[in-house]
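The values are calculated or read from the model by the stated rules, or taken from the named source; none is laboratory data. Given the structure is predicted, the values throughout are model-derived calculations rather than measurements. Neighbour counts run over all protein chains shown; Cβ positions are idealised from the backbone, glycine included. Each accessible area value is taken on the protein alone, full model and side chains, heavy atoms only, with ligands, DNA and RNA left out. Shrake-Rupley method; radii C 1.70, N 1.55, O 1.52, S 1.80 Å.
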Amino acid sequence: MKPLIRAPKDFWSGVMFLAFAALTLVTASGYSMGRGGRMGPGYFPTMLGWLLALLGAILVIRSFAITGEAIEKIKFRPLLALLGCVLFFAVTINPLGLVISLTITTFLCAFAGDEVRVGEALALSLGLTLFSLVIFVFALGLPLPVWPSL
Amino acid sequence: MMDVFSNIWLGLTVAVTLKNLAYCLIGSFLGTVVGVLPGIGPVTTVAMLMPISFTLEPTSALIMLAGIYYGAQYGGSTTAILINIPGEASSVVTSLDGHQMARQGRAGPALGIAALGSFFAGTVATFVIAFGAPPLAKLALQFGPAEYFSLMLCGLVAAVVLARGSIIKAIAMVLLGLVFGLSGSDVNSGVRRFTYGFQGLADGIEFVALSMAIYGVAEVIVNLEKKVDENASTAPVGSVWPSWADIRYCIPTVLRGTALGSVLGVLPGGGALLASFSAYTLEKKVAKAPRNFGHGDIRGVAAPESANNAGAQTSFIPMLTLGIPSNPTMALMIGALMVHGITPGPRVMTDRPELFWGIVASMWIGNLLLVVLNLPMVGIWVRLLRTPYRLMFPAIVGFCCIGAYTVNANVTDIVVMAFITLFGYICLKLDCEPAPLILGFVLGPLMEENLRRGLLISRGDPMIFLNTPISLGFLIAAALLLLVVAAPAIRRKREEALVE
């Protein structure tokens, strides 16, 4: 028996677009529509939402009829590790400052790959932090907290 | 005519100050260093290095970013030739013949002709900009909201046509980009839209965070999933100077490539990618011994390299004169200008002539610097090529984090970057190209404003978009493009051309 969904990539893209369309339409319904000549803040978003929904629906329906590629297997390690690193940096940059936050962030990053060498990763994260400190803080004067704020 | 030269003179006086020369040098050097690293393309390079420019004054910032851009492009072709890992689509073509040449022991001449061809193309393209941009800006000053709306629509359609893969997905990505652009305060009514109560979204989704998420972090994740070939072997380079015979052999090729690239770069949706593909195809058609192509023909390097450099440069024309990005890199440039409080458009040339002409002049200087810098330093680049990916990706992620934070000194932007990374990863997994999304995002607010203003003027009559000839022209062009792509025969051709 043939699988029901013949083009998984198209199907899930369609689902994603439909989801965004629904979110857009629901959110936009809270803003006033206005008229053509004097559009309210809800007019353009609503238009986009319906167009997006149309395309999403086409993709979903088509995926039952036309055979397409399967989705390659998702590896969770790099995805979750790097998302975690970015969020870690977001949480720690203000309280801990660049030196501590960036060193730990880039060190943890190294664990996202298949091949991890702890010593090398440590050296790299220290090097990167020193480099960023010199370039971004001292040379360019970007507004970054450097040390922990007490 | 005299105007052009006095303008170029003005540009030179801006670009040849010690400070701006230094930024141009730093930019093209950094761009090359990062661009040479395998797996990092020009867009990622520009996105990643953008924070360096935040504290500079706008002219210097853009000079440096432009330097980073063509440096990265040059670095990308070095990678393509030496180890056959093209950093991005536009150097795929270069790797076809370039890598074959390297395997035959002619890596040096391949790199040399790439540099010389690029330099020549860059010089010509600089003049194309100097002559072409002012009339275009003058024309654009007369555009009303209807013309602008139709122009942007046409630009987005062109971007869709050139995206790889499914057209329906590409259109949907444009729409999604427009939706993402809605977030923030509505210009007309002041109502906060799509912020979901988050204070950090009051000014909308930060463009820097969006582009770094997609071209930085999400791309790293996808690269880590693929097993990257760590022990890429590099061919010995030898002398980088092509022989006179090689140069003479390539002159017509470089001329054709430059001409084609200059024209294609200006088109919305064009730029380096389209230019290099078309130039290669053209050479294959007109060449006397086309069978050599793909087996290390030096013309196969000269054509795409001169075309993509010309195209990369002339793609600044629509960006600087109309405020319309023709490719993701130009979208990044617009983002960078906006960080500095400058809205690109026809007024830039009249209000900030020193900015406009300074950039144009510095492009030529940057191209010269690239030749002077890169040919002697090729040994260093070869060593950089061996950098394993495990040393690069923590740096990319780290710089993206710093970049997202420093635009507004706001933690929300980093969190936004994390969410969009997840979204970008899903898109890449589902074969939804992010380029149309980026263009849609940049153009979204402008499109809505022009649509609303146009309809306000006409009191709600949509015929305003069809009644003015220029606007009608753009709409017809957009419709034709869509029809052309929808026609099955051409669709097959397009797929071949973009897959090859």
* Dimensionless Rg/Rh of region B:134-173 - Kirkwood Rh, Rg from C-alpha atoms -> 1.16
* Crossing angle, helix B:107-141 versus chain B [Cα axis fit, 0-90 degrees, rounded to tens] -> 30 degrees
* Asked: How much length is gained if the chain between B:L456 and B:K138 is pulled fully straight, taking 0.36 nm per residue apart and subtracting their Cα-Cα distance, in nm to one decimal?
  -> 112.0 nm
* Straight-line reach from B:K169: which aspartates and glutamates have Cα under 13 Å away, leaving out those fewer than 8 places along the same chain? -> A:D10, B:D431, B:E433
* To do: Would you kindly compute the Cα radius of gyration of region B:372-429 and its largest Cα-Cα separation (Dmax), both in Å?
  => 16.5, 45
* Pairs of Cα atoms farther than 13 Å apart, region B:179-223, % -> 58 percent
* Write out the cysteines belonging to chain B for which the nearest other cysteine Cβ is not under 4.7 Å, or none if no such cysteine exists. => B:C24, B:C154, B:C250, B:C400, B:C401
* Structure fact -> Per the C-alpha gyration tensor (a ≥ b ≥ c, the square roots of its eigenvalues), region B:314-469 is rounded if a/c is under 1.5, else prolate if a/b beats b/c, else oblate; here it's oblate
* Structure fact -> Over its alpha-carbon atoms, region B:2-499 yields an Rg and a Dmax in Å of 21.8, 69
* Structure fact -> the protein assembly as shown: spread of alpha-carbon positions along the three principal axes, whole Å, largest first, is 68, 66, 62
* To do: Run through all the Cα pairs of region B:1-155 and give the fraction in each 5 Å bin from 0, expressed as whole percent.
  => 2, 9, 13, 15, 15, 15, 14, 9, 5, 2, 0, 0
* Asked: Which residues, if any, in region B:193-228 have at least 30 Å² less accessible area in the whole protein complex than in the isolated chain, probe 1.4 Å?
  -> B:R193, B:F194, B:Y196, B:I221, B:L224, B:E225, B:K227
* Drop in accessible area of at least 40 Å² in the complex versus isolated chain, residues of region A:55-79, 1.4 Å probe -> A:L55, A:K75, A:P78, A:L79
* Structure fact -> So for R0 = 56 Å, FRET eff. of A:W50-B:H340 from the Cβ-Cβ r, to 0.05, ends up at 0.95
* Based solely on C-alpha atoms, express the radius of gyration and the Dmax of region B:292-395 in angstrom. => 17.9, 51
* Asked: Put a dot 7 Å past each Cα toward the Cβ at B:V372 and B:A22; how far apart are the dots in nm?
  -> 1.7 nm
* Pairwise centroid distance, computed over Cα atoms, of region A:61-96 with region B:160-198, Å -> 21 Å
* Cα centroids of region B:391-464 and region B:1-58: how far apart, whole angstrom? -> 24 Å
* Asked: What are the semi-axes of the equivalent ellipsoid for region B:237-320, taken as the square roots of 5 times the Cα gyration tensor eigenvalues, largest first, in whole Å?
  -> 24, 14, 10
* To do: Could you tell me the total accessible area buried at the A-B interface, probe 1.4 Å, in square angstrom to the nearest hundred?
  => 5700 Å²
* Structure fact -> Rounded to the nearest 10 Å², the accessible area of A:F76 using a 1.4 Å probe with every protein chain kept is 120 Å²
* To do: Grab the other residues whose beta carbon is less than 14 angstrom from that of B:W9, score K and R as +1, D and E as -1, and report the net.
  => -2
* **C-alpha center-to-center spacing [region B:291-313, region B:97-126] in angstrom** => 8 Å
* Roll a 1.4 angstrom probe over the protein heavy atoms and tell me the percent of accessible area of the protein assembly as shown that is carbon or sulfur. => 69 percent
* Structure fact -> Most fluctuating of A:S13, A:S29, A:S63 in the GNM of chain A (C-alpha, under 10 Å) is A:S29
* Calculate how steeply helix A:76-109 sits against the longest principal axis of the alpha-carbon atoms of chain A, using the helix alpha-carbon long axis, and give the answer as 0 to 90 degrees to the nearest 10. => 50 degrees
* **Around B:M212: net Lys/Arg minus Asp/Glu count, Cβ-Cβ under 14 Å** => -3
* Asked: For labels at B:E57 and B:L466 in the simple 7 Å Cα→Cβ model, what's the distance in nm?
  -> 5.1 nm
* Asked: So if R0 is 51 Å, what FRET efficiency would A:A57 and B:W244 give, r being the distance between their Cβ atoms, rounded to the nearest 0.05?
  -> 0.25
* To do: Please give, to one decimal in nm, the separation of the simple spin-label points placed at A:I100 and B:D431, each 7 Å out from Cα toward the Cβ.
  => 4.8 nm
* Give the ranking of B:D203, B:D246 by solvent-accessible surface, highest area first, calculated with a 1.4 Å probe. => B:D203, B:D246
* Using Cα atoms only, what is the angle between the long axis of helix B:411-429 and the major principal axis of chain B, expressed in degrees (0 to 90) to the nearest 10? -> 60 degrees
